[in-house]
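Worksheet: the structure to be examined is printed underneath.
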Amino acid sequence: MNIPIDLFEEWLLNKNLKQRTVENYIYYFNKFTFDTFNQETVSRFLSEKSNRNSIGRSFLVNLQKYLKINYKELGFSQDLWKMIAEVELPKLTGRVKQRLIKPIPHEQIPLLEKYLPGEKEKVQLLLSYYSGLRVGELLKITILSFDWEKWKKDITKMGECRVYGKGDKEGIALVPSNIMKRITTYIKNKKFNSLDCKLFIRGKEDGNLKNKARSWQMKLREAGIKAGITKLDEKGVPIRDTVVHPHRLRHSYASYLLNDRKLDLREVQEVLRHSSIQSTQIYTHINKDQLKERLQE
């Protein structure tokens, strides 16, 4: 997200804020190192304990207002403006609000796949969901990221894919055998020039992860609406909690593993490549239908 720091600072000063307040906001501006402003990056920013305070949260409020007001000058599209406007920020008083992300039912993933435009997007969806990938991990994957030699010894087993997460931290994502076969066909049909090509970014697009992430988010959003997973209000505006986005896919798979496949927290932590078990605990929701059945026994 290419936002000139001097323009943001000037905007803050024009609000007649105290110099000390402006300096504090600029401090957090420099800590917000993400490529875009969306629900996932805001959550990641607030996952850092040093950012979870009233000043850090006030900074987010002001940054969101700045982006919404000045989006044309910044060269943002209308779709990107909508994405920024839909970001829900925590309250400025009391404890940081942890909003639960509603999981997409596992059986609705094929429906979501149906409404994506092409095979590339369909493979992105399946790999993203069934490997619990962050959007940054997904877009950095190359042909060589997969351990093909190990998988070809027994193609009925799960494959492995080397991914790079937050801070380029290296991890291994597990890929179901049917998804590995789908990726193999996709690679053959695309006829890549070299083995170190990124799987979902071609030619001159290479290196522009920011724009590709936005494009992927918008395609997921549209597919969610067409599939009926995303609900619209009386004005035809998507209801925020039902919008499909990359982090919701990751969240949904984690919930599926915990509630349907009955994996324990440590196992899900390994699948999602979380460094801390606390990060995994946010996916532990009580299944209300199961709870009702237990109480009726």
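The values are calculated or read from the model by the stated rules, or taken from the named source; none is laboratory data. Because the structure is a prediction, the values reported are computed rather than measured. Cβ atoms come from the backbone with ideal geometry, glycine included; neighbour counts cover every protein chain shown.
Checking every residue in segment 205-220 against the condition of being over 19 Å from the mean Cα position of the chain (by Cα) and either assigned to a helix (DSSP H, G or I) or farther than 23 Å from Tyr115 by Cβ (or both) gives at least one match. Put simply, of Glu9, Glu40 the only residue that is in contact with a helix residue (DSSP H, G or I) (Cβ under 7 Å, 6 or more places away or on another chain) and surrounded by 18 or more Cβ atoms within 10 Å (Cβ to Cβ) is Glu40. Filtered by the rule that a residue be buried (at least 16 other Cβ atoms within 10 Å of the Cβ) and either hydrophobic (A, V, I, L, M, F, W, C) or part of a loop (DSSP other than H, G, I, E, B) (or both), segment 161-173 gives Cys161, Val163, Gly165, Ala173. Of the residues making up segment 135-151, just one is in contact with a strand residue (DSSP E or B) (Cβ under 9 Å, 6 or more places away or on another chain), free of Cβ contacts under 8 Å to residues at least 12 places away in the same chain and not aromatic (Phe, Trp, Tyr), namely Lys150. Which ones in segment 23-33 are among the polar types (S, T, N, Q) and not in a loop (DSSP other than H, G, I, E, B)? If the condition is that a residue be among the polar types (S, T, N, Q) and not in a loop (DSSP other than H, G, I, E, B), then Asn24, Asn30 are the ones that fit. Condition check: at pLDDT 90 or above and either over 28 Å from Gln78 (Cβ atoms) or in a helix (DSSP H, G or I) (or both). Does Ala223 satisfy that? Answer is yes for this residue. The set of residues from segment 229-259 being part of a loop (DSSP other than H, G, I, E, B) and among the aliphatic types (A, V, I, L, M) comprises Ile229, Val237, Ile239, Val243, Val244.
Quick grid of which residues meet (1) among the polar types (S, T, N, Q); (2) at pLDDT 85 or above; (3) part of a loop (DSSP other than H, G, I, E, B); (4) under 27 Å from Lys212 (Cα atoms):
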| position | (1), (2), (3), (4) |
| --- | --- |
| Leu12 | no, yes, no, no |
| Thr21 | yes, yes, no, no |
| Asp35 | no, no, yes, yes |
| Phe45 | no, yes, no, yes |
| Ser58 | yes, yes, no, no |
| Leu63 | no, yes, no, yes |
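Can you tell me which residue is farthest from Glu137 (Cα to Cα) among those in segment 214-228 that are surrounded by fewer than 21 Cβ atoms within 10 Å (Cβ to Cβ) and among the small types (Gly, Ala, Ser)? Selected residue: Gly228. Mind counting the residues in segment 127-150 that are surrounded by fewer than 19 Cβ atoms within 10 Å (Cβ to Cβ) and either hydrophobic (A, V, I, L, M, F, W, C) or in a loop (DSSP other than H, G, I, E, B) (or both)? So the count comes out to 4.
Within segment 11-25, is there a residue that is on the phi > 0 side of the Ramachandran plot and not assigned by TED's automatic domain parsing to the domain that holds Glu137? Checked segment 11-25: at least one residue is on the phi > 0 side of the Ramachandran plot and not assigned by TED's automatic domain parsing to the domain that holds Glu137.
Scan segment 184-203 for residues that are surrounded by 13 or more Cβ atoms within 10 Å (Cβ to Cβ), at pLDDT 90 or above and over 15 Å from Lys140 (Cα atoms) and the total you get is 3.
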